[in-house]
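The values are calculated or read from the model by the stated rules, or taken from the named source; none is laboratory data. Predicted, not measured: the structure shown is a model, and the values here were computed from it. Just the protein is used for accessible areas: all its heavy atoms, side chains included, with ligands, DNA and RNA removed. Shrake-Rupley method; radii C 1.70, N 1.55, O 1.52, S 1.80 Å.
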Amino acid sequence: QTCALPICKQKKIDNLTIGLIIQKIDPDTRPWVYQITSEIIFAVSSVQTSFKLRVFSLDHNTKDIAKKLTSGALGVDGIVVVLSNLSEKLRTACEQTIKPVVFLNPPTFTATTNFISPDYYESCYRLGRTWREAGRRNILMIISNPLEQSVSRRLRRAGLVDGLGNALGKDILFQSVDTGGLREDDGYTATKKILAETAMAPDAIFTGDYL
């Protein structure tokens, strides 16, 4: 899915300043944030113009950034938000600012515009349907944090469940496990634990995030 606002037409690209709002960049716990942020910075540095990029980290000053977004005092012409978990305060500030904003991943469960992401729901719906048609009957979904903390996780789960269809809870058993951590080791530990505790091993496992 690619849903984005156009850049302001009143200014030439040479004079544009784009704000990049990010979390702490940690290649071990958030590899996709690290990779995408690195590619954005590299792309901007490769442009043959005086195009400017200002990076704002949410580690210590979320309230200040949200306040400046709402008032239009951030000093940028457009904003790209690269976050795995978007707070309600920041999402509201992005909606209220007069500047164009593009989110990496949908900001809400029902969002249809102003974001760029894979189609989480549709891809997982197709996966669930394929597993059902292939005769998979014991499905395990492994996630890194509670569903309420991530729109993309909720979309993936909804798609998978809908794809499994009416047989869910009857002929098909579906379990969702929260690892409580972001690292690969957390996923390994959670999977090992559930395999040891479950009488019938899953015949299909879905995992996402960084696991």
**Item:** For segment 91-211, convex hull volume per residue from C-alpha positions, Å³
**Value:** 110
**Item:** Carbon/sulfur fraction of accessible area - segment 71-200, other protein chains in place, 1.4 Å, %
**Value:** 50
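Need one number: convex hull volume per residue for segment 125-195, Cα atoms only, in Å³.
Expressed per residue, the convex hull around the Cα atoms of segment 125-195 is 92 Å³.
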**Message:** Can you compute 3J(HN,Hα) from phi for each residue in segment 157-174, using the Karplus curve 6.51 cos²θ - 1.76 cosθ + 1.60 with θ = phi - 60°, rounded to whole Hz and x for Gly and Pro?
**Reply:** 5, 4, x, 4, 4, 5, x, 5, x, 5, 6, 5, x, 10, 8, 10, 9, 10
**Asked** What whole-number value in Å² describes the accessible area per residue of segment 100-192 for a 1.4 Å probe?
**Response** 51
